Amino acid sequence: MKPSRKVQRAFSVHPSWAAALDNVRIVLVGTTHAGNIGAVARVMKNMGLRKLTLVSSTECGPETDAFAMASGAYDVVEAARSEIHLADALAETHMAVGTSARLGGKRVTARSPDVLIPQLMENAMAGTVACVFGRESRGMTNDELKLCTHHMIIPTDARFASMNVAHAVAVTAYEIFRVACRPIGFQTKPFTPAAVGIREEMYAHIEKVLIRAGFLDPSNPLRMMRDIRRILNSANMDARDVTIVRGIFRKVDNLVRIADARVRELEDRLTSGVPQESGE
């Protein structure tokens, strides 16, 4: 299906990561609110994930809040695999990342998503991997976390550390998709900073126009030009940006030339004694 012309931004899975992304499972343990399951399904679909496993979780049929919260991603809920025990859900996984905001004597090896997710995706190249999320009320138990090969903690403010399960999945799914995607549309062309040579030509042009316009002191233009250079250099311009800036100053230069010509014409009339034309 051809993408709509109205789409302003879009990302697609890089072909080399497509199979790996398909090997990623999101596992929810003991989810008690159907709406959270729907919200998780929605964010999964946003990030190219399709495989959801529900372990001892609540009913999430189309008559529940799951349907409304999924907002077009209910197909992910319908295709979800159901298990009673987490061990069964993880039996075939090569790597299982358990998420928990709690640290302690038995939870000392937690890593952040930016560290673990690239490793997870590398393992997804070889087979099924999983990201596991616990109950809304108390997260994962120590026994459940023990079934996982890795412990991940999403950095949050210590004064309010606990996240909604759908939000935790959103952060994790984003990190997964960031590894697997490539931009299409507005970001396909890499940024190349403008070369020093064309920048210097631009600054020479700007200085010439601003002297003509009376903005710069012709005896000491460098004083103000230092600030102009600082401002424009902070913009991190590419060659197209330089062309646009020079186009603006070319227009200013033309207007200054026209104004100067009219002033000279008026001065000549006054000097020669020719009466001014009536504006009526």
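The values are calculated or read from the model by the stated rules, or taken from the named source; none is laboratory data. These figures come from a predicted structure and were not determined experimentally. All Cβ positions, glycine included, derive from the backbone under ideal geometry; neighbour counts span all protein chains shown.
Numbers at a glance
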quantity: Evaluation of Ala170 against (1) closer than 30 Å to Ile244 by Cα; (2) in a helix (DSSP H, G or I) (one fails), failing number; calculated: (1)
quantity: Given (1) under 21 Å from the mean Cα position of the chain (by Cα); (2) at pLDDT below 95, number of the condition Tyr174 does not satisfy; calculated: (2)
quantity: Inter-residue pairs, beta-carbon under 6 Å, first closer than 22 Å to Arg240 by Cβ and not assigned by TED's automatic domain parsing to the domain that holds Val245 and in the stretch 202-225, second surrounded by 14 or more Cβ atoms within 10 Å (Cβ to Cβ) and of a type in the set (Ser, Thr, Tyr), 6+ apart; calculated: none
quantity: First in the stretch 255-268 and assigned by TED's automatic domain parsing to the domain that holds Arg212, second anywhere and surrounded by 11 or more Cβ atoms within 10 Å (Cβ to Cβ) and outside any helix (DSSP H, G or I), Cβ under 7 Å, 6 or more apart; calculated: Val256/Ala213
quantity: Residue in the stretch 93-103 that is in contact with an Asp or Glu (Cβ under 8 Å, 6 or more places away or on another chain), assigned by TED's automatic domain parsing to the domain that holds His33 and assigned to a helix (DSSP H, G or I) present; calculated: no
quantity: Strands (runs of 3 or more DSSP E) within the stretch 7-85 that include 1 or more residues over 18 Å from Gly98 (Cβ atoms); calculated: 10-13, 81-83
quantity: Tally of residues being at pLDDT 90 or above, more than 22 Å from Met44 (Cβ to Cβ) and of a type in the set (Val, Ile, Thr) across the stretch 177-212; calculated: 5
quantity: Among (1) of a type in the set (Ser, Thr, Tyr); (2) at pLDDT 95 or above; (3) under 26 Å from the mean Cα position of the chain (by Cα), the one test that Thr58 misses; calculated: (3)
quantity: Residue in the stretch 69-92 that is at pLDDT below 95, closer than 20 Å to Thr32 by Cβ, surrounded by 13 or more Cβ atoms within 10 Å (Cβ to Cβ) and in the same structural domain as Thr172 (by TED's automatic domain parsing) present; calculated: no
quantity: Members of the stretch 119-145 that are more than 14 Å from His94 (Cα to Cα) and surrounded by 14 or more Cβ atoms within 10 Å (Cβ to Cβ); calculated: Phe133, Gly134, Arg135, Glu136, Gly139, Met140, Thr141, Glu144, Leu145
quantity: Given (1) among the polar types (S, T, N, Q); (2) over 20 Å from Ile37 (Cα atoms); (3) assigned to a helix (DSSP H, G or I), number of the condition Thr156 does not satisfy; calculated: (3)
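Yes/no per residue for (1) more than 23 Å from Thr141 (Cβ to Cβ); (2) free of Cβ contacts under 8 Å to residues at least 60 places away in the same chain; (3) small (Gly, Ala, Ser):
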{"position": "Ala18", "(1), (2), (3)": "yes, no, yes"}
{"position": "Asn46", "(1), (2), (3)": "yes, no, no"}
{"position": "Gly61", "(1), (2), (3)": "yes, yes, yes"}
{"position": "Val77", "(1), (2), (3)": "yes, yes, no"}
{"position": "Ala80", "(1), (2), (3)": "no, yes, yes"}
